[in-house]
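Structure record follows, encoded as structure tokens.
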Amino acid sequence: MVRVVTTIASVGFLAAAAPAAAQPGDPVAGRALAIELCGTCHLVPGSLRPVPDGVPSFAAIARKWTDAEELADRLILPPHPVMPPPPLTNRQRRDVAAWILSLRE
Ligand code: HEC
């Protein structure tokens, strides 16, 4: 009986602790966001949409970055040209970062 109570208590603790830790992003959702919000400027692999010169492609960004959390943070740090509104939520930033890093070979 004591053991059951302890187990329930620790499961409750883990469940309560989970939201604090950053959950990994979802690359599928991130790709959809990137196509919709970023594809006017950054080349999305497989997309035929024309983009302006001088903007790094997502393939190039993927080669440069290795850490998903740092990349997610970079998305809301200047310098960056005006991002399309609405601003990405924390969840969306992690999704986009996870998708970009999934492009790494
Ligand atoms: C209006 C055009 C535009 C849009 C829209 C845009 N970007 Fe950018 N982005 C740029 C330009 C230009 C640069 C390069 C100059 C700079 O770093 O400020 C850049 C730089 C970046 C970098 C840094 C690249 C590096 O080498 O470190 C990341 C990451 C990035 N963009 C991600 C995104 C994401 C994700 C979106 C969509 C949510 C997005 N951008 C939407 C124009 C745009």
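The values are calculated or read from the model by the stated rules, or taken from the named source; none is laboratory data. A quick note: this is a predicted structure, and the numbers were derived from the prediction, not measured. In this analysis, Cβ positions are derived from the backbone assuming ideal geometry, glycine residues included, and neighbour counts consider all displayed protein chains.
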Criterion first (assigned to a loop (DSSP other than H, G, I, E, B), buried (at least 16 other Cβ atoms within 10 Å of the Cβ) and in contact (Cβ under 8 Å) with a residue 60 or more places away in the chain) does GLY30 satisfy it?
no
Across the stretch 35-70, which residue is modelled with the lowest pLDDT among those that are hydrophobic (A, V, I, L, M, F, W, C) and near the ligand (Cβ under 6 Å from one of its atoms)?
LEU37
Are there any pairs with C-beta distances below 7 angstrom linking a residue in the stretch 35-50 that is touching a residue at least 40 places away in the same chain (Cβ under 8 Å) to a residue that is more than 9 Å from the ligand (Cβ to nearest atom) and of a type outside the set (Lys, Arg), with the two at least 6 apart or on different chains, and if so which?
PRO45/ALA59; PRO45/LEU103
